[in-house]
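> A single structure is presented below for examination.
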Amino acid sequence: MTEEIEQRDIDEGYWFWVNRQIFDEYAAKIGVMGFAIYCAYSYYASFYKGDNGCWASQKQIASRLGITIPTVSKYNKILKKNGLIHLKSGKELGRSNYITLLRIIKDKFDEDDEGE
């Protein structure tokens, strides 16, 4: 007897995406926590159409991931240093920072490999 299993379906719309390069090339550099925080930003950005960014406070991210605010702050610096996010202060608007997920530029070496 074959057991019926229900596979996930991306067509249902209950998903968000993360560029494969984040996993392939950056996961080891940014660590598991950096990857989780980047995924959280990707999740929140999926609700904003067109600009790849979100208003997500450190408190909100910390709460959702079960980590501390200083941990979010630490990994925001790592994500920024690796060119993955841009933080724009929301202080003057009375809001949290606006986080933009930056475009990942492939290395020249990778571009050369594609033509072969």
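The values are calculated or read from the model by the stated rules, or taken from the named source; none is laboratory data. Given the structure is predicted, the values throughout are model-derived calculations rather than measurements. Glycine gets a Cβ as well: all are built from the backbone with ideal geometry, and neighbour counts include every protein chain shown.
> Please go through the stretch 29-51 and pick out each residue that is farther than 15 Å from Lys74 by Cβ, in a helix (DSSP H, G or I) and of a type outside the set (Ser, Thr, Tyr).
Matches in the stretch 29-51: Cys39, Ala45.
> Another question about this same structure. Consider the stretch 101-116. How many of its residues are outside any helix (DSSP H, G or I), among the charged types (D, E, K, R) and at pLDDT 50 or above?
Just the residues of the stretch 101-116 that are outside any helix (DSSP H, G or I), to begin with: 101-107, 115-116.
Within this subset, residues satisfying the condition of being among the charged types (D, E, K, R) are 103, 106-107, 116.
After this cut, where a residue has to be at pLDDT 50 or above as well, the list is 103, 106-107.
Total satisfying the criteria: 3.
> Something else about it: Looking only at the stretch 69-100, which residues are under 17 Å from Ile30 (Cα atoms) and either in contact (Cβ under 8 Å) with a residue 60 or more places away in the chain or in a loop (DSSP other than H, G, I, E, B) (or both)?
Scanning the stretch 69-100 gives Asn82, Gly83, Leu84.
> Looking at the stretch 81-97, is at least one residue at pLDDT 95 or above and of a type in the set (S, T, N, Q)?
yes
> Do we have Asn76 as surrounded by 11 or more Cβ atoms within 10 Å (Cβ to Cβ), modelled with pLDDT under 90 and in contact with a strand residue (DSSP E or B) (Cβ under 8 Å, 6 or more places away or on another chain) here?
Taking the combined requirement at face value, the residue does not satisfy it.
> Same structure again: In the list Tyr44, Tyr26, Tyr38, Tyr48, which residue meets the criterion of being closer than 20 Å to Ser89 by Cα and in contact with a Leu (Cβ under 7 Å, 6 or more places away or on another chain)? Quick ask: steps written out before the conclusion?
On the way: Tyr44 fails: in contact with a Leu (Cβ under 7 Å, 6 or more places away or on another chain); Tyr26 fails: closer than 20 Å to Ser89 by Cα; Tyr48 fails: in contact with a Leu (Cβ under 7 Å, 6 or more places away or on another chain).
Just a single option satisfies the conditions, and that option is Tyr38.
> Further question: On the basis of being exposed (fewer than 12 other Cβ atoms within 10 Å of the Cβ) and not small (Gly, Ala, Ser), does Lys91 make the cut? If you could, list the steps in order and put the result at the bottom.
Numbers: exposed (fewer than 12 other Cβ atoms within 10 Å of the Cβ): yes; not small (Gly, Ala, Ser): yes.
Yes; evaluated as a whole, the condition is true for this residue.
> In addition: So Ala62 ticks every box in (1) over 11 Å from the mean Cα position of the chain (by Cα); (2) surrounded by fewer than 17 Cβ atoms within 10 Å (Cβ to Cβ) but one. Which box is left unticked?
In the conditions (1) over 11 Å from the mean Cα position of the chain (by Cα); (2) surrounded by fewer than 17 Cβ atoms within 10 Å (Cβ to Cβ), Ala62 misses (2) alone.
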